[in-house]
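Laboratory data are not the source of any read-out in this text; all were calculated from the coordinates shown. Computed from a predicted structure; not experimentally measured. In this analysis, Cβ positions are derived from the backbone assuming ideal geometry, glycine residues included, and neighbour counts consider all displayed protein chains.
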Amino acid sequence: MPIGLAAALFTSMLFGSENLVKFSDESLRIRYQTLITELRCPKCQNQNLADSNAPISQDLREEIQRMLEQQMSNREIKQHLTSRYSDFILYRPDVNKTTYLLWGSPLAILMIGLLIAVRLNRRNRIHAGSLDKTEVDQESRIAEILKSGEDDK
Amino acid sequence: MTVELGHIALIFALCLAVIQAIVPMIGSFSGHTNWMRVGHSMAAGQFVFVALSFACLTTAFIQDDFSVAYVANNSNTLLPLQFKISAVWGAHEGSLLLWALILSGWSTAVALCSGKLPLVLSARVLSVLGAISVGFALFLLLTSNPFERILPIPPVEGGDLNPLLQDFGLIVHPPMLYMGYVGFSVPFAFAIAALIGGQFDSAWARWSRPWINVAWVFLTIGISLGSWWAYYELGWGGWWFWDPVENASFMPWLAGTALMHSISATEKRGVFRSWTLLLAILTFSLSLLGTFLVRSGVLTSVHAFASDPERGIFILIFLSIVVGGSLLLFALRGPTMRSATSYSGWSRETMLLINNVFLVSSMAMILIGTLYPLLADVLDMGKISVGPPYFNFFFVPLMSGLMVCLGFAGFTRWKSTEGRFLLRKGLVPSIVSLIMALTLPMVMVEKLSWSTYSLTAVVILLLVFWVVTMSLEDLWLKSRGKLSSLSGLSGSYWGMLIAHIGLAVCALGVGLSTAYDVQKDLRMAPGDSTDLGGYQFQFIDVERVEGPNFIAYRGNVEVRSGDVFVVSLSPEKRSYKSGGQVMTEADIDGQLNRDLYVSLGEPLGDQAWAIRFQVKPFVRCIWLGGLLIGLGGLLAALDKRYRRRRLKKSVNVKSEGLAFE
Amino acid sequence: MNRLALFLPLALFAVLTIVLLLGLDKDPAELPSALVGEPFPAFTLPSLYDANRSLDERNIAGEVVLVNVWATWCFACRIEHVMLNQLAEQGVKVIGLNYKDNREAAIDWLKERGDPYVFSIFDEQGRLGIDLGVYGAPETYLLDAMGTIRHRRVGVVDDRVWDSEFRDLYAQLMADKR
């Protein structure tokens with residue numbers, strides 16, 4: 001395979017072609033790309049700024065480019081936009097009192113799940129020795145049911 | 001006339017469904033064998049009538065009968081024939097009819113394959129399926145009738161099928177997906193029948209397993225196809241957006257995967273009985289919830305159907321009856337007795353349980369993320385968005401945890417497995433994977449430096465090699481190193497092995513295409529060229545071409561690698577004649593190890609164009625992995641043991657007394 | 001296992017159903033303004049009629065006004081224009097924000113359809129639009145005499161919308177001013 005995938009980002013050998021979005025410093029481009037994929041187009045159905053062709057997305061991309069050139073941090077840029085377009089445009093919702101449940105519950109569910117798994121396991125281990133007699137071989141039980149059907153025909 | 005015939009056929013189907021829902025159920029309690037048998041013929045009859053209805057609608061599309069509102073809105077005389085046919089399910093009403101058709105198809109399949117089942121059970125299963133059919137038929141007839149006419153003056157020409165949908169993807173993706181969604185109604189019906197009968201031993205698990213596998217295969221393939229379709233059709237090279245509609249199909253898949261695993265423990269060992277029952281209910285409930293989300297307009301999505309609150313209310317009522325009713329039944333009659341069998345340590349039971357924890361946590365996370373904006377809105381906490389950054393944040397670690405456990409799958413034994421045994425087996429694979437994961441990212445890049453050495457790639461390669469080497473080690477041990485003994489391994493073992501390797505292949509595609517994806521948005525004048533990912537892309541020119549129902553600008557881009565000519569790509573910008581919609585048709589050169597993806601943007605004057613170039617390493621593995629997963633499921637479903645001891649005729653009531661009631 | 005535990009899925013589902021039911025009434029596409037209760041953003045832009053005349057936020061403050069975002073490319077603005085003319089006749093002060101438009105076309109439009117605006121701000125680049133959080137035309141903002149944004153409407157303002165969303169608030173703001 002022709003190798004040089006990530007490297008190509010940094011060695012831009014351009015012959016005549018030029019970047020549509022220009023930056024004074026190429027490291028801004030990576031931040032730009034991240035920002036426009038994590039911000040939502042306010043007008044569209046459900047698209048980020050990077051994928052949307054809506055005029056408002058074009059404007060917001062330019063606004064982000066301008067702010068990046070002004071050396072604003074990602075946090076400042078997001079703040080600037082949410083103060084105008086509300087938290088709606090953040091695809092990565094801030095952690096605040098509205099979203100504690102959102103950010104907390106997946107971890108909580110996983111923990112509860114693992115806890116139950118461990119508890120079931122432990123309870124079973126205690127009984128493991130004593131229950132052998134009552135244990136029913138499920139395979140033979142099914143066979144029994146199926147067989148009884150056959151016999152009755 | 002055909003249109004009215006279709007409408008009447010649908011009404012007939014509804015009537016049969018009502019009989020199918022009521023009569024066998026009563027019979028199963030009163031003990032009337034004849035009543036119980038009614039469900040079988042009703043299911044077949046219902047299938048015939050829904051198929052007739054579907055054929056009538058298809059005919060209306062082929063004949064460009066624009067007096068039918070649904071045809072007029074979604075077709076056009078210029079539309080090529082294959083898209084006229086697939087346009088039948090291109091919008092809400094028709095896709096719902098497809099849903100009903102598939103549901104009656106599955107019911108008929110159950111009726112035909114029920115020979116080996118006790119009659120009481122098959123009667124109840126068919127009754128539950130009939131009740132679901134009644135809901136969908138009513139939904140169609142009352143709120144979403146595809147046969148509605150525009151009278152007295154029908155339009156001369158139709159609107160058009162959304163250009164995004166004028167694609168091979170529409171022909172195959174929805175039928176596959178619906179086969180999966182609807183297929184889960186069968187294990188659902190089995191679970192309900194088991195709850196009604198109060199019989200939770202392994203029999204119901206054994207009977208519903210092949211149905212789960214088959215439905216799951218369809219859903220897997222359907223989701224893979226959908227992702228592939230979005231990738232090449234939407235024109236910006238993404239393949240999964242965590243859009244509500246995608247989540248709606250992914251949640252039943254996760255629950256269904258959990259069900260597949262948990263039911264194997266229920267069948268073999270009689271454990272997790274209430275959990276498995278709950279999963280069977282949950283999986284189909286999530287399919288129904290997906291329908292609600294997609295068609296009610298409560299969430300915004302790129303792919304949602306035109307929505308209508310009236311339909312939303314209808315589905316919500318239907319949803320609460322079906323899901324609420326079955327959960328109530330579960331709460332009242334579900335098994336509370338702990339199973340008599342026991343297991344300990346790192347037994348297969350424990351590992352399956354952990355697998356379920358990861359899968360169900362992922363599913364719950366997606367459910368919460370998808371519905372949270374709605375919840376926030378309802379509680380007046382403002383509008384918020386939950387998007388890919390959130391889902392990836394949780395999903396990636398959850399799946400990584402799952403893959404770590406998955407490596408041990410083949411080695412675990414029922415009842416108990418020594419932890420030390422697993423550790424010993426894991427020793428060589430973990431060393432091999434670690435070496436591969438650390439070294440491969442060094443040779444994947446041209447110039448090695450700290451900034452090009454991808455940690456994402458290290459982690460993903462570690463997991464992928466772990467799963468693959470563990471699976472192969474297990475295969476080696478099981479076959480004792482002899483090729484001849486490979487054929488002796490069971491279908492379900494091969495199925496598991498291939499599905500697990502498929503998951504690894506899919507993860508490889510996801511991980512490497514994320515880690516090494518490169519992209520440039522450039523202004524290109526004819527003759528300009530650019531370097532990307534080791535390829536030189538040269539923009540030749542743009543020409544105007546004419547398609548059957550669109551005109552397009554077609555770009556010519558030649559790709560070389562060093563001095564070697566690789567491929568000529570022609571991305572298009574299409575303008576559709578009927579609606580004037582503009583569509584970006586990317587052109588892709590796909591190989592197993594990389595895709596070259598070029599899409600044409602806007603003209604910028606002086607014959608220059610905005611063009612997006614992307615090189616996506618191993619992106620194809622995502623869908624290849626999906627297909628392997630599906631193949632694995634298929635092999636497991638075809639396992640011989642589901643077919644042995646089949647009974648030729650259904651048994652009489654007396655014998656079922658033993659198994660049921 | 002406890003029988004009560006088996007009721008847990010049912011309870012969760014009941015909560016879900018209630019959320020979905022309430023959600024049916026909500027429009028997911030409608031965005032709230034982050035600026036309600038905030039002062040109108042600072043700007044310096046030319047007037048539509050006179051490129052040399054510079055306008056800023058002080059030209060807006062001091063009166064209860066509507067600020068209407070419009071453009072000639074916006075189809076719904078045609079429908080809304082009639083209503084704006086009526087409001088202007090009733091004495092409501094309406095200020096236009098001509099958004100990402102062509103100056104000549106916009107002036108012709110006002111000549112043809114009547115000009116309800118006290119003056120129109122010419123925002124060719126859409127910069128003030130971004131500061132306001134505009135995501136489509138038409139949009140209408142109600143400002144109090146202090147220059148604070150009190151209400152925002154995305155989409156056409158017609159009789160029904162005026163009666164339900166604006167009329168009372170407008171009357172109250174006018175009363176407060178006195």
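Would you mind giving the three semi-axes, in whole Å and largest first, of the ellipsoid equivalent to segment C:19-130 according to its Cα gyration tensor?
Listed largest to smallest, the semi-axes of segment C:19-130 are 27, 18, 15 Å.
For the ranges B:13-24, A:98-109, A:78-89, what's the packing order if you count other beta-carbon atoms within 10 Å of each residue, average per peptide, and put the highest first?
Ranking the peptides B:13-24, A:98-109, A:78-89 by packing returns B:13-24, A:78-89, A:98-109.
Which value in nm describes the separation of the simple spin-label points at A:Thr34 and B:Cys113, placed 7 Å from the Cα toward the beta carbon?
4.9
How would you rank B:Arg124, B:Arg37, going from fewest to most other Cβ atoms within 10 Å of each one's own Cβ?
B:Arg37, B:Arg124
Per residue of A:32-44, how many C-beta atoms from partner chains lie within 10 Å of its own C-beta, taken as a mean?
Mean number of neighbouring Cβ atoms from other chains: 3.
Starting from segment B:345-425, pick out the chymotrypsin sites (Phe, Trp or Tyr not before Pro) whose DSSP state is loop and whose Cβ has at most 16 other Cβ atoms within 10 Å.
B:Trp414
Can you give the mean number of other chain Cβ atoms that lie within 10 Å of the Cβ atoms in peptide A:109-117?
6
Only Lys, Arg, Asp and Glu count, each charged at its Cβ (+1, +1, -1, -1), so figure out the dipole size of segment C:35-177 about its Cα centre, rounded to 20 debye.
About 60 debye.
Counting other beta carbons within 10 Å of each Cβ, put B:Lys640, B:Lys616, B:Lys577, C:Lys100 in order, fewest first.
B:Lys640, B:Lys577, C:Lys100, B:Lys616
I need the calculated FRET efficiency for the pair B:Ser451 and A:Leu107, taking r as the beta carbon distance and R₀ as 45 Å, to the nearest 0.05.
Efficiency, from the Cβ-Cβ distance: 0.90.
Set Lys and Arg Cβ to +1 and Asp and Glu Cβ to -1, take the dipole of the protein assembly as shown about its Cα centre, and tell me which of B:Trp106, B:Leu352, A:Thr98 lies farthest positive.
Positive-most Cα among the choices belongs to B:Leu352.
Take the Cβ-Cβ distance between C:Asp25 and B:Leu592 as r, set R0 to 51 Å, and report the resulting FRET efficiency rounded to the nearest 0.05.
0.55
Over all residues in B:526-533, what is the mean tally of Cβ atoms on other chains that come within 10 Å of each residue's Cβ?
Rounded to a whole number, the mean comes out at 6.
In deg cm²/dmol, rounded to 500, what helix-only [θ] at 222 nm does the protein assembly as shown give when every DSSP H run of at least 4 residues adds -39500 (n - 2.57) and the total is split over its residues?
-18500 deg cm²/dmol
Taking neighbour counts of Cβ atoms within 10 Å as a proxy for exposure, in what order, fewest first, do B:Trp609, C:Trp70 appear?
Final ranking by Cβ density, sparse to dense: B:Trp609, C:Trp70.
Using r as the Cβ-Cβ distance of B:Ala55 and B:Lys577, and R0 as 35 Å, what FRET efficiency do you calculate, to the nearest 0.05?
So, using R0 = 35 Å, E works out to roughly 0.75.
If the chain between B:Ile435 and B:Arg480 were fully stretched, how many nm would it gain, using 0.36 nm times the residue separation less the Cα-Cα distance?
Length gained between B:Ile435 and B:Arg480: 13.6 nm.
Roughly how many nanometres apart are two label points built 7 Å out from the Cα toward the Cβ at B:Ile171 and C:Leu8?
My value for the distance between the label points is 4.8 nm.
May I ask you to compute the full-extension gain from B:Val48 to B:Glu602, defined as 0.36 nm times their residue separation minus their alpha-carbon distance, rounded to one decimal in nm?
194.4 nm
Shape of the protein assembly as shown from its Cα gyration tensor (a ≥ b ≥ c, root eigenvalues): rounded if a/c is under 1.5, otherwise prolate when a/b > b/c, or oblate?
Cα axes put the protein assembly as shown in the prolate bin.
Residue farthest toward the positive end of the dipole of the protein assembly as shown, with Cβ of Lys/Arg at +1 and Asp/Glu at -1: which of B:Phe168, C:Ala88, A:Gln70?
Comparing the listed Cα positions along the dipole, B:Phe168 ranks first.
Taking all pairs of different Cα atoms in chain B, averaging 1/r and flipping that mean, what Kirkwood radius in angstroms comes out?
27.0
Rounded, prolate or oblate: which fits segment A:15-89, taking a ≥ b ≥ c as square roots of the Cα gyration tensor eigenvalues, rounded meaning a/c under 1.5, else prolate when a/b beats b/c?
oblate
Label-point separation (nm) for B:Leu138 and B:Arg424, each offset 7 Å from Cα along Cα-to-Cβ?
The two pseudo-label positions are separated by 6.2 nm.
Starting at the first residue of segment B:320-335, write each ³J(HN,Hα) from the Karplus equation 6.51 cos²θ - 1.76 cosθ + 1.60 with θ = phi - 60°, in whole Hz, x for Gly and Pro.
Per-residue couplings from phi come out as 5, 5, 5, 6, x, x, 6, 5, 5, 4, 4, 5, 7, 10, x, x Hz.
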